[in-house]
Amino acid sequence: MQSADRPRAKPPLIAILGPTAVGKTEAAIAIAERWNGEIVSADSRLLYRGMDIGTAKPSAAELARVPHHLIDIANPDETLSLAVFQQQAAAAIASIHARGKLPLLVGGTGQYLQAVLDGWLPPALPPQPVLRAALAGWAEQIGGDALHTRLAVLDPAAAANIDARNVRRTLRALEVILATGRRFSTQRGQAPAPYRVLRLGLTRPRPELYARIDARIDAMLAAGWLDEVRSLLAAGYSSTLPSLSAIGYAQLAQHLRGELSLEEAVAEIKRLTRSFVRRQYAWFKPADPNIHWVDLSAAGVDEALDTAIRNFLEPQKV
């Protein structure tokens, strides 16, 4: 029996993580149905309305099977910081717990997952509008890759954790460095996460994963991905927006501007997606002892997942 003065057990949270196209959506919905769960998206592109096909957003039928949170909560020209995502994710997880259900944090965006799971505290420096405007002008002159290279010189650790295509986060890191005179990577705090966490890593053999990536991209194009990009641009959303810097959207926008043939754009999308998968495995390391890895190509996958969840949810002996 638990002592009355013993600290109350942290509520459970299951994180379902893994690379693009591994099968997180299907697995998460099946787990949520079996374990009375709800899904909180930790994918930075699913936040945006109108970006459906190219982000592999769950279909209407999938969304109807299980409640989902943090999908379609912003327009493509709105900026949602990592801190705002953390706040909204925490609120969604708390509401799921309050209903007596199991929250599943699902996605492939490493920073979003780790911010929630590891209790990241962003630097306290408030926005510096004048400095930020100057940096933004500099970014337009030299380009996002060159800007990221400058960050790597000043703070290699920060640059290693920020995607070069994410100009907004690169700008924020430089803003903090220049305003404080200290490295951005040393200013992020960490507080104990308020959850008891099971990290379920989903994986497949690399050749199989790459084949799934190619097939998914072809299916997206057949489903009207190019028309989706055309509609976003026609609605006035600039291809320079951070949201539209996502792999695929940028290349299809280049095709629509006549800068790439469709064949060249598709080849580049497939190449960049494979490169992105390699970066995801750097976030979710196969050797990480805190991640319970499950190979979705192996036999008995459902049983393996259910066993891991059952063992995690069993009341801890005291």
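Report yes if some residue within the stretch 69-88 is among the small types (G, A, S), in contact with a Leu (Cβ under 7 Å, 6 or more places away or on another chain) and assigned by TED's automatic domain parsing to the domain that holds R230; otherwise report no. Yes, the stretch 69-88 contains at least one residue that is among the small types (G, A, S), in contact with a Leu (Cβ under 7 Å, 6 or more places away or on another chain) and assigned by TED's automatic domain parsing to the domain that holds R230. Of the candidates P127, P122, the single residue that is over 24 Å from R278 (Cα atoms) and loosely packed, with under 15 Cβ neighbours inside 10 Å is P127.
Residue under question is A282, and the condition is that it be farther than 27 Å from G18 by Cα and not assigned by TED's automatic domain parsing to the domain that holds N166; does it hold? The answer is no for A282.
Can you find a residue in the stretch 176-187 that is of a type in the set (A, V, I, L, M, F, W, C) and touching a residue at least 60 places away in the same chain (Cβ under 8 Å)? Looking through the stretch 176-187, at least one residue is of a type in the set (A, V, I, L, M, F, W, C) and touching a residue at least 60 places away in the same chain (Cβ under 8 Å). Among the conditions (1) farther than 20 Å from D306 by Cβ; (2) surrounded by fewer than 22 Cβ atoms within 10 Å (Cβ to Cβ); (3) in contact with a strand residue (DSSP E or B) (Cβ under 7 Å, 6 or more places away or on another chain), the only one that D77 does not satisfy is (3). Only one entry of G108, G144 meets the criterion of being surrounded by 15 or more Cβ atoms within 10 Å (Cβ to Cβ), assigned by TED's automatic domain parsing to the domain that holds K24 and closer than 23 Å to L46 by Cα, and that entry is G108.
Cβ-Cβ distances below 7 Å connect the following pairs, each with a first residue in the stretch 147-172 that is under 22 Å from A250 (Cα atoms), a second residue that is among the charged types (D, E, K, R), and a separation of six or more residues or different chains: I162/R169; A164/D145; L171/R132.
Can you name the residue in the stretch 93-105 that is within 23 Å of P122 (Cα to Cα) and crowded, with 20+ Cβ neighbours inside 10 Å and, of all such residues, is nearest to the chain's Cα centre (by Cα)?
L105
A quick yes/no check of all residues on (1) modelled with pLDDT of 95 or more; (2) acidic (D, E); (3) assigned to a strand (DSSP E or B):
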| position | (1), (2), (3) |
| --- | --- |
| E208 | yes, yes, no |
| L221 | yes, no, no |
| L226 | yes, no, no |
| L241 | no, no, no |
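Contact map, the stretch 6-26: residues that are farther than 15 Å from L104 by Cα paired with residues that are at pLDDT below 95 and surrounded by 22 or more Cβ atoms within 10 Å (Cβ to Cβ), Cβ distance under 6 Å, separation 6+ or inter-chain. Pairs shown: T20/G108.
In a residue-by-residue description of the stretch 240-251, the property of being out of contact with any Gly (no Cβ under 7 Å at 6 or more places or on another chain) and surrounded by fewer than 16 Cβ atoms within 10 Å (Cβ to Cβ) applies to at least one position.
The values are calculated or read from the model by the stated rules, or taken from the named source; none is laboratory data. Fair warning: this is a prediction, and the values are worked out from it, not measured in the lab. Every residue, glycine among them, receives a Cβ derived from its backbone with ideal geometry; neighbour counts consider all protein chains shown.
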